[in-house]
1. Which one of Val100, Gly296, Leu278 has its Cα pushed farthest toward the positive end of the charge dipole of the chain, where Lys and Arg give +1 and Asp and Glu give -1 at the Cβ?
2. Cα convex hull of the range 255-399: mean projected area in nm², to one decimal?
3. In 5 Å bins starting at 0, how do the alpha-carbon pair distances of the range 16-117 split up by percent?
4. Relative to the present Cα-Cα distance, how much length would full extension add between Ile171 and Val45 at 0.36 nm per residue of separation?
5. State in Å² the accessible area per residue of the chain; use a 1.4 Å probe, count heavy atoms of protein chains only, and round to the nearest integer.
6. Stick to the Cα atoms of the chain, pair each with every other, and give me the Kirkwood hydrodynamic radius in Å at one decimal.
7. Just the number, please: percent antiparallel of the DSSP beta bridges in the chain, rounded to the nearest 5.
8. Multiply the residue separation of Glu322 and Glu234 by 0.36 nm, subtract the distance between their alpha-carbon atoms, and state the gained length in nm to one decimal.
Amino acid sequence: MTVALRSLSAIRPYTPPAGDPGFGVYVHWPFCAAKCPYCDFNSHVRHEPVDQARFVAAFRRELAEQGRRTRGQTVTSVFLGGGTPSLMEPATVAAILDAVAANWTVADGAEITLEANPSSVEAERFRGYRAAGVNRVSLGVQALNDPDLRRLGRLHDVSQALGAIGLAREIFPRLSFDLIYARPGQSVAAWEAELAQAIGFAADHLSLYQLTIEEGTAFHALHRAGKLLVPDGELSAELYEATQAITRSHGLPAYEISNHAVPGAESRHNLTYWRYGLYAGVGPGAHARLPGEGGGRHAVSNEKHPETWLRMVEDWDAGSVEDVPLDPQEQADELMLMGLRLAEGMDLERWRALAGRDIDPETVAELTGHGMLQRLGPDRIRATPAGMLVLDAVVADLA
């Protein structure tokens, strides 16, 4: 199985049949060198070395358990996220990917992505990930000026970020990197200049996220105390509109609210989520959507604390704290929430089959009239750029 999986990176990227969202496997590595002040992801700092061999054994057990529940699925993508997966040894990544291949058929050309931080990038380690089967890297660059990198709590500087981008382009067939905008004090002109610079270094994909103040983060406490000012709604909208215009003009249009790609270079794994496909999810804090009886699905979420998850898997083969069936209406709601994030929009026929009813035509007509929705034929709708800015409200009205 090892040879089969590691040879995938030499084959052209997998493209599923029309209408098939694919099946993904998400692996969560929860450890970071430091906690960023804006981050509300399940990430943890450990001041002693992590027992990677013990975690690999637990990943194997949980992958086997979810493989049993998803027999017959073909893996079209694997995503190693975090946390900071680039803190893993290449041998750890190889063992996890071997376990994936041991439990499922893996499609030729499957997308195998690993998230990496520029501060933890080393040429030898990158080449080790490539040898293990990784064929796409997602770099957490976040900003291209040193003062903002320091404010964001990042451990790298611009020079390291550009070095990591160059190294990734040399070693991996595919590369994406993240930037955060709508940062404190950021003007539209400054962001336009930074984004144009970023596009010059990009390969074929960028993830561009507006800074959001999440409860429980260090930024949330500062914001609540009036010590951190972020762009207001009007300026945020201008920054978003500038982002869409610049990326579109450079051939990297948005295919999802925050993700931009040369057509054909979209993230296969994330499209599986947004097209509401099934996916396994292993590791502390991971989520999954697994098949249930009668064509339904289960929502699974794991224990977040790494060592607690580890003990649970060692005792019971799974670290889940929630494993519940979703009724058809809940599935329809999730389909809508995910599908309307995409430029391609949502399949109304599929929504109707799940919900057992039509979306209210008067609501669709009203949102269309206000420029929030657009029809793409009789059985597909999408949010307009204006609708994307208030997507939660659009979804609430439709649902």
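1. Going by the charge dipole, the pick is Val100.
2. That works out to 10.1 nm², a quarter of the Cα hull's surface.
3. 2, 11, 22, 22, 17, 12, 8, 4, 1, 0
4. Full-extension gain reported as 42.5 nm.
5. Per residue, the chain has an accessible area of 43 Å².
6. When all Cα pairs of the chain are included, the Kirkwood radius is 22.0 Å.
7. In the chain, DSSP labels about 40 percent of beta bridges as antiparallel.
8. Going from the current span to full extension adds 27.8 nm.
The values are calculated or read from the model by the stated rules, or taken from the named source; none is laboratory data. These figures come from a predicted structure and were not determined experimentally. Note that each Cβ is placed from the backbone with ideal geometry, even for glycine, and that neighbours are counted across all protein chains shown. SASA here: full protein model, heavy atoms, side chains in, ligands and nucleic acids out. Shrake-Rupley method; radii C 1.70, N 1.55, O 1.52, S 1.80 Å.
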